[in-house]
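Heads up: the structure comes next, in structure tokens.
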Amino acid sequence: RVVHDLSALLHGESVNNTTEFEEAPVVECGHIFEAMLYRIWSLRQAWPRKRILISKMDVKSAFRQLALDVRGPLLGYRYNDLVVVDLRLQFGWRSSPGWWSLAGG
């Protein structure tokens, strides 16, 4: 997993310091828990004597699945004589969880 330390200070500033955090979507996961409990309850009503099994899944490289709008602020860094602009959400950016929650929740 690639992790950028976007809180590292460079010339007194960091990407996370200068990100307008209030503009990112709010992470909301309570509705998923409620839906899961309702599903378990429904299954129990339908099959009162059966075992109910639950599984979980992980989305590989979840943040990397979402592209950034090139018309908006971009995340980049300098590597030797190159400037690398990343067009995907990054693990370590303070707004990534909100954008992932909006798309994946």
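Read-outs: derived from the displayed coordinates by stated rules, not from any lab. Note that the coordinates shown come from a computational prediction; the quantities given were computed from them, not determined experimentally. Ideal geometry is used to build each Cβ from the backbone, glycine not excepted, and the neighbour counts take in all protein chains shown.
See the values below:
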| item | result |
| --- | --- |
| Electrostatic dipole magnitude of the chain [Cβ: Lys, Arg +1; Asp, Glu -1; Cα centre; debye, to 20] | 1060 debye |
| Between helix 30-46 and the chain: long-axis angle, C-alpha atoms, 0 to 90°, nearest 10 | 20 degrees |
| CD proxy at 222 nm, helix term only [per DSSP H run n ≥ 4: -39500 (n - 2.57); per residue of the chain; nearest 500] | -8500 deg cm²/dmol |
| Under Karplus coefficients 6.51, -1.76 and 1.60, residue-wise ³J(HN,Hα) of segment 53-68 in Hz, glycine/proline x | 10, 10, 10, 10, 10, 10, 8, 4, 6, 3, 5, 5, 6, 9, 7, 8 |
| Gain in span if fully extended, Leu37 to Met57, counting 0.36 nm per residue against the direct Cα distance | 5.5 nm |
| Contact order normalised by residue count of segment 26-102, Cα under 8 Å, 6+ apart, percent | 34 percent |
